[in-house]
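The values are calculated or read from the model by the stated rules, or taken from the named source; none is laboratory data. Predicted model only: the values in this text are computed from it and were never measured. Cβ: placed from backbone, ideal geometry, glycine included. Neighbour counts: every protein chain shown.
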Amino acid sequence: MLRRPFFWIITLAIAAFVLAPVPGNNVGLRESLALAAVYITLASNLNLMLGYAGYINFGSIVFFGLGGYICIWLVDAHGWPLAASLVAAAVGVGALSLAFGFGILRLRGPFFALSTIGIVEAVQAFAENFTPWGGSSGIYLSPQVFQPLGGPARALWVIYFGLVAVMGASLYLSYGIKITKFGLGLLAIGQNEDAAAILGVPTSRYKALAYSASAFLPAIAGGLYFFKGAFIQPSDAFDLTLSTETIVICMLGGQGTVTGVALGAYLYEELRGYLLTSSTFSNFQLTIAGTLLLLIVLFFPSGLMGFIYSRFPRTQKVLE
Amino acid sequence: MLGILASIIDGVLVGLVYGLAAIGLTLIWGVMDVINLTHGTMIVAGMMALYLLAGQLGVSPYFTLPPILIGGFFVGAALYWVAIHRLVGRPPLMSLLSTFAVNLILVGVGTAVWGTALFNVDVSLPGLSIGRYTFPGAHILAAVLAAVIAAALYVFLHRTRTGKALRAVANNREAAELVGIPTTRLLAIAVGIGVALAGVSGMLIGTLFPFTILSGDDYQLKSFIVTVLGGFGNPVGALMGGVALGLLEGAITPFVPVSWTLVIEFVLFVLVLIAFPGGVFSRRGVL
């Protein structure tokens, strides 16, 4: 892996994220990059299912929200340190995704997609009725929780580096899976599941593995994200908009590519930052995301990377 | 015990309306293998049309039915040309994404214009009293109208030339084209009918329960459950699936908090898909 140029491209991108906001304590840039890191994490992990295996998961946000809930709950009610809570969130959500996967991955194609909508409904209904998680009013953290990390100002930097680390892990994971036999199997499932099964790809096992591999990093990102805001409630944790935006990002960048999805996430974050600050567009965020998605699906189904690959065929050898 | 029975009967009445909504979804699926993810929003569009016509302009609630039916048809035909036409025959995932995108656009505009306030249309009809229990008149009339519209659709599909052509296209699009059926126009008609049915059932649901712009998701999920119960592409099965779902809802409502109803129905959805991939009430090639 160390000999492949793309590995070093990922490493450079991570280094840029780490170093860019440090000079001059640039907090504004840090916040915008933190959000970009969250988008890249969510999109890269969704890409494992959507881009590689060809399974649309409308409910990828569940991993993010549940991770956030488990982490915040452990910190708040049981006084766990952040790091231990994050590990617990990752393990918990990973296990849960295996259980979900066991149920719904027996369904194929569009049926799987429909049942992921149901997963969101089910988990959200659970969070709204589960008293230890504060029901629909959620959980507030006291500012005291930032003390072990050296006070709020320093804690925000620690969380930022944590988010970048999760983003980096997601990119390495996406790339790592793509260049192994496992990734090849997933891509084969995406092309034609029956043919893949006949050729000896263990389709059920691979799909379940991919589904739960796509769960644990978003769970950690969710833990960090909601710890940063010191607040979590069901409508934020399982926000349909974020789930939707993640799909738009994957399609925008080019599903199945590592570079494209990361690039798409970054571009989308910039676009969204611009749209939210402009008063005309802030009400129409969903509409704009929808229009973008419709245009991509109808006219550019292979996304940004499809365009780059066809214009500069040589990039196919370097950029995965 | 009698209370549960009354709850079940009421559930069946509402279930007929769910069944009508699901017919709209299953018709589109059966004819062109497209899952219409704007379905929930079209149901809400019917509700909003009811609210604007009856609540604001003072039209009698049930007289909004014809304009919603006709308007829904044209909206559906437009939806076909915008989001589906280019993707017919491609993998179902592409049209799933494109209708999902149109849904986002509509929901975004809807929430920007109306917000997420609760709307309510007051329908005062005398109820039917049996012993201590009264069945609301609106529920009975909605169920009757749903059954009549479903029957009319059945006659249309089996007795008219266009209906027969539509079934031919569902059966085998290439063969239908070879015998001179204008398939593209019929696909547009199918989406038009599907959306019109979603709109009308939304209007009927709007006379029963209060609603918001975002209610569509819940009713869409119900339509999916009904559709898998009835078997994809099977209108008669969908109506029976609707009754079955209404029966279930009526039976569990007295015992379970409302927010869990949808979760239970969803678990049912997955279980039915796994156990009966062809639907519980399905017969092959019904459409």
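If you go through region B:205-244 one residue at a time, how many are at pLDDT below 85, in contact with a Ser or Thr (Cβ under 7 Å, 6 or more places away or on another chain) and within 14 Å of chain A (Cβ to nearest Cβ)?
3
If residue B:183 satisfies every condition in (1) of a type in the set (Ser, Thr, Tyr); (2) within 14 Å of chain A (Cβ to nearest Cβ); (3) within 30 Å of residue B:87 (Cβ to Cβ); (4) over 13 Å from the mean Cα position of the chain (by Cα) but one, which is the exception?
Result: residue B:183 passes all but (2).
Counting just the residues of region A:133-158 that are touching a strand residue (DSSP E or B) at 6+ places or on another chain (Cβ under 9 Å) and either surrounded by fewer than 16 Cβ atoms within 10 Å (Cβ to Cβ) or under 30 Å from residue B:261 (Cβ atoms) (or both), which one comes out farthest from the other protein chains (Cβ to nearest Cβ)? Steps first, answer last, please.
Keep residues of region A:133-158 that are touching a strand residue (DSSP E or B) at 6+ places or on another chain (Cβ under 9 Å), which gives A:133-134, A:138-141.
Those still in the list that are either surrounded by fewer than 16 Cβ atoms within 10 Å (Cβ to Cβ) or under 30 Å from residue B:261 (Cβ atoms) (or both) too: A:133-134, A:138-140.
Working: A:133: 14, A:134: 15, A:138: 16, A:139: 19, A:140: 22 Å.
Only one residue tops the list, namely A:140.
Can you tell me which residue in region B:35-75 is farthest from the other protein chains (Cβ to nearest Cβ), limited to those that are assigned to a loop (DSSP other than H, G, I, E, B) and on the phi < 0 side of the Ramachandran plot? Full working, then the answer.
Within region B:35-75, the subset assigned to a loop (DSSP other than H, G, I, E, B) is B:35-38, B:57-60.
If we keep only those that are on the phi < 0 side of the Ramachandran plot too, we end up with B:35-38, B:57, B:59-60.
Working: B:35: 5, B:36: 11, B:37: 9, B:38: 10, B:57: 26, B:59: 29, B:60: 34 Å.
The residue in question is B:60.
To keep it simple, each residue is scored yes or no on (1) in contact (Cβ under 8 Å) with a residue 24 or more places away in the chain; (2) assigned to a helix (DSSP H, G or I); (3) in contact with a helix residue (DSSP H, G or I) (Cβ under 7 Å, 6 or more places away or on another chain).
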residue	(1), (2), (3)
B:86	no, yes, yes
B:93	no, yes, yes
B:103	yes, yes, yes
B:116	yes, no, yes
B:124	no, no, no
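Quick one: residue B:249 ticks every box in (1) farther than 28 Å from residue B:52 by Cβ; (2) at pLDDT 90 or above; (3) not hydrophobic (A, V, I, L, M, F, W, C) bar one, so which box is it?
Result: residue B:249 passes all but (2).
Test each condition in (1) under 13 Å from the mean Cα position of the chain (by Cα); (2) at pLDDT below 90 for residue A:148 and report the one that comes out false.
Exception for residue A:148: condition (1).
Among the numbered criteria (1) free of Cβ contacts under 8 Å to residues at least 12 places away in the same chain; (2) surrounded by 22 or more Cβ atoms within 10 Å (Cβ to Cβ), which single criterion is violated by residue A:200?
(2)
Each row is one residue, and each column tells you yes or no for (1) more than 21 Å from residue B:94 (Cβ to Cβ); (2) of a type in the set (Ser, Thr, Tyr).
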position: A:236; (1), (2): yes, no
position: A:245; (1), (2): no, no
position: A:250; (1), (2): no, no
position: A:268; (1), (2): no, yes
position: A:275; (1), (2): yes, no
position: A:300; (1), (2): no, no
position: A:314; (1), (2): yes, no
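Got a sec? Which helices (runs of 4 or more DSSP H) wholly within region B:204-276 have at least 1 residues that are aromatic (Phe, Trp, Tyr) and in contact with a helix residue (DSSP H, G or I) (Cβ under 7 Å, 6 or more places away or on another chain)? Full working, then the answer.
On the way: elements: B:216-230, B:235-252, B:258-275.
Counting at least 1 such residues, we get B:216-230, B:258-275.
Being of a type in the set (A, V, I, L, M) and more than 25 Å from residue A:107 (Cβ to Cβ) narrows it down to one residue among A:265, A:210; which is it?
Values: A:210 fails: more than 25 Å from residue A:107 (Cβ to Cβ).
The unique qualifying residue is A:265.
Residue check: is residue B:124 polar (S, T, N, Q) and within 11 Å of chain A (Cβ to nearest Cβ)?
Against the criterion (polar (S, T, N, Q) and within 11 Å of chain A (Cβ to nearest Cβ)), residue B:124 does not qualify.
Inspect region A:18-27 for any residue being closer than 30 Å to residue B:100 by Cα, of a type in the set (S, T, N, Q), part of a helix (DSSP H, G or I) and modelled with pLDDT under 95 and give the result as yes or no. Before you say what the answer is, go through the steps one by one.
The initial filter retains those residues of region A:18-27 that are closer than 30 Å to residue B:100 by Cα, namely none.
No.
Here's a check for you: in region A:72-116, which residue that is in a loop (DSSP other than H, G, I, E, B) and within 12 Å of chain B (Cβ to nearest Cβ) is farthest from residue B:232 (Cα to Cα)? Walk me through how you get there before you give the answer.
Taking region A:72-116 first, the residues in a loop (DSSP other than H, G, I, E, B) are A:79-81, A:105-108.
Subset that is within 12 Å of chain B (Cβ to nearest Cβ): A:105-108.
On the way: A:105: 19, A:106: 17, A:107: 14, A:108: 14 Å.
Only one residue fits best here, namely A:105.
Among all residue pairs at least 6 apart or on different chains, which show Cβ distances below 8 Å where the first residue, located in region A:180-191, is closer than 17 Å to residue A:4 by Cα and the second is in a helix (DSSP H, G or I) and of a type in the set (Phe, Trp, Tyr)?
As it stands, the answer is A:183/A:52, since those pairs meet every condition given.
For region B:59-80, state whether one or more residues are among the β-branched types (Val, Ile, Thr), under 26 Å from residue B:265 (Cα atoms) and crowded, with 17+ Cβ neighbours inside 10 Å. I'd like the intermediate steps shown before the answer.
To start, the set of residues in region B:59-80 that are among the β-branched types (Val, Ile, Thr) comprises B:59, B:64, B:68, B:70, B:75.
If we keep only those that are under 26 Å from residue B:265 (Cα atoms) as well, we get none.
Within region B:59-80, not a single residue is among the β-branched types (Val, Ile, Thr), under 26 Å from residue B:265 (Cα atoms) and crowded, with 17+ Cβ neighbours inside 10 Å.
Quick one: is residue A:145 out of contact with any Pro (no Cβ under 7 Å at 6 or more places or on another chain) and within 14 Å of residue A:231 (Cα to Cα)?
Values: out of contact with any Pro (no Cβ under 7 Å at 6 or more places or on another chain): yes; within 14 Å of residue A:231 (Cα to Cα): yes.
It is true that residue A:145 is out of contact with any Pro (no Cβ under 7 Å at 6 or more places or on another chain) and within 14 Å of residue A:231 (Cα to Cα).
For residue A:164, work out the one condition from (1) outside any helix (DSSP H, G or I); (2) away from chain B (no Cβ under 14 Å) it doesn't fulfil.
Going through the list (1) outside any helix (DSSP H, G or I); (2) away from chain B (no Cβ under 14 Å), residue A:164 breaks only (1).
Which of the residues belonging to region B:245-270 are surrounded by fewer than 21 Cβ atoms within 10 Å (Cβ to Cβ), of a type outside the set (Val, Ile, Thr) and more than 9 Å from chain A (Cβ to nearest Cβ)?
B:247, B:248, B:251, B:254, B:255, B:268
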